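What follows is a single structure, written as structure tokens, with notes after it.
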Amino acid sequence: MTLTSSTSSTSSTRSIRSAVTARTGRRRRSALTRVSWSSLLYVAPALIFFVVFVIYPIVVSIRTSFYNYDGLTVATPAGLSNYVNVFVDPDLRAALLHSLLLLVFYSALPVCIGLVLAGTMSRIRVYGLTVFRAVLFLPQILSSVVVAVAWRGLLASDGPVNGVLEHVGLGSLATSWLGNFNTALPSIGIIGTWVEYGLCMVLFLAGIVTIDRSLYEAARLDGAGPVREFFAVTLPALRPQISIALILTITFALRNFDLIWNTTRGGPGTSTTVPSLFVYLDAFQNRELGQASALAVVLTIIILIVVAIVQVAVREPSGRPRPVGAERGTR
């Protein structure tokens, strides 16, 4: 009898606990549901904006790329012909090659210059250095139209650049930099370098501040000079910032339009054409929206592939970011 009562009591206790646990679980789930819905209300405006102005245009562009459409008449199916034209048209192939060349000026050079400037500024203490940094970053915040107009005047045949060359005895090098077939594209690249290096410098300076000072002290105790200290401590610790800088500058190089349009408009001839320029011309001048959409889709895929390659190349060998100061005390 006692054993039966004890068993019954234990069973009822377990039942009560199960009921309480189930009720608590339902309350927690309902609370989480309320929190999730309330959180969704906060992000709903941004989410709606993103869907309407980013996702929907991308879907429409992909759909339009399979049609012949001028924006007015009824669209007719084109299959893959628009994509074939992207790779068959010699002008478009040349434009893609121009973009790859601009990667050197818009991405590689700004990153290198930014590393040199950030490494130098982190070691020196000069009065007014903050103002100097702001001046170096100024090209990044200027309007691209302002930059294009200013450089168009500087590089004109009667501009200040040729005037300086004349005064230093190098007048034979003077030319119309943006009007010469051989110098137009490198000149556009130099303008892009001037615009982008300030962004890289600021990113690297922000990264240098987070590096553990004891790493530099250990490097100095090992007899490392400024150059070796930079390559042994600073450069490895800046992998995340270098990755971000490369992604931003490469994206800017491949989608660049306004800078070229306001300086050369793709000329002289087709020496400075880029894919984004043909997207604009096909869409708004030639009224070939299907061809423009196909080129835009191909350009987007190229950007994603290049960005993925950069992320794989720059990330840590282990695949995980190295914590700052993890090598403290190591020799």
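The values are calculated or read from the model by the stated rules, or taken from the named source; none is laboratory data. Because the structure is predicted, anything quoted here is derived from the model rather than measured. Quick reminder, even Gly has a Cβ in these numbers, built from the backbone with ideal geometry, and neighbours come from all protein chains shown. Only protein heavy atoms, including side chains, enter the accessible area calculation; ligands, DNA and RNA are left aside. Shrake-Rupley method; radii C 1.70, N 1.55, O 1.52, S 1.80 Å.
Using the structure shown, decide if Pro110 is surrounded by 15 or more Cβ atoms within 10 Å (Cβ to Cβ), within 22 Å of Val314 (Cβ to Cβ) and in contact with a helix residue (DSSP H, G or I) (Cβ under 7 Å, 6 or more places away or on another chain). Criteria met by Pro110. For the structure I just gave you, tell me whether Tyr83 is hydroxyl-bearing (Ser, Thr, Tyr), surrounded by 10 or more Cβ atoms within 10 Å (Cβ to Cβ), over 30 Å from Thr270 (Cα atoms) and at pLDDT 90 or above. No.
No other residue among Phe66, Phe49, Phe105 is modelled with pLDDT of 90 or more, over 21 Å from the mean Cα position of the chain (by Cα) and crowded, with 16+ Cβ neighbours inside 10 Å apart from Phe66.
At least 3 residues being open to solvent by 40 Å² or more (accessible area, probe 1.4 Å), of a type outside the set (Phe, Trp, Tyr) and closer than 22 Å to Asn262 by Cα is the threshold, and among the helices (runs of 4 or more DSSP H) wholly inside the range 153-232 not one reaches it.
Scanning the range 160-187 for residues that are touching a residue at least 12 places away in the same chain (Cβ under 8 Å) and of a type in the set (Gly, Ala, Ser) turns up Ala174, Ser176, Gly179, Ala184, Ser187.
Here Ala118 fits the description: under 21 Å from the mean Cα position of the chain (by Cα) and either acidic (Asp, Glu) or open to solvent by less than 60 Å² (accessible area, probe 1.4 Å) (or both).
Conditions (1) closer than 25 Å to Gly207 by Cβ; (2) in contact with a His (Cβ under 6 Å, 6 or more places away or on another chain); (3) hydrophobic (A, V, I, L, M, F, W, C); (4) assigned to a helix (DSSP H, G or I), marked per residue:
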site: Ala44; (1), (2), (3), (4): no, no, yes, yes
site: Val51; (1), (2), (3), (4): no, no, yes, yes
site: Val59; (1), (2), (3), (4): no, no, yes, yes
site: Leu109; (1), (2), (3), (4): yes, no, yes, yes
site: Arg125; (1), (2), (3), (4): yes, no, no, no
site: Leu138; (1), (2), (3), (4): yes, no, yes, yes
site: Val149; (1), (2), (3), (4): no, no, yes, yes
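Looking only at residues of the range 61-97 that are among the β-branched types (Val, Ile, Thr) and not in a helix (DSSP H, G or I), we find that the one that is nearest to Ser293 (Cα to Cα) is Thr76. For the range 239-262, state whether one or more residues are open to solvent by 30 Å² or more (accessible area, probe 1.4 Å), without any contact (Cβ under 8 Å) to a residue 60 or more places away in the chain and more than 20 Å from Pro139 (Cβ to Cβ). Within the range 239-262, none of the residues are open to solvent by 30 Å² or more (accessible area, probe 1.4 Å), without any contact (Cβ under 8 Å) to a residue 60 or more places away in the chain and more than 20 Å from Pro139 (Cβ to Cβ). Restricting the range 121-145 to residues that are in contact with a helix residue (DSSP H, G or I) (Cβ under 8 Å, 6 or more places away or on another chain) and charged (D, E, K, R), the residue that is least open to solvent (accessible area, probe 1.4 Å) is Arg133.
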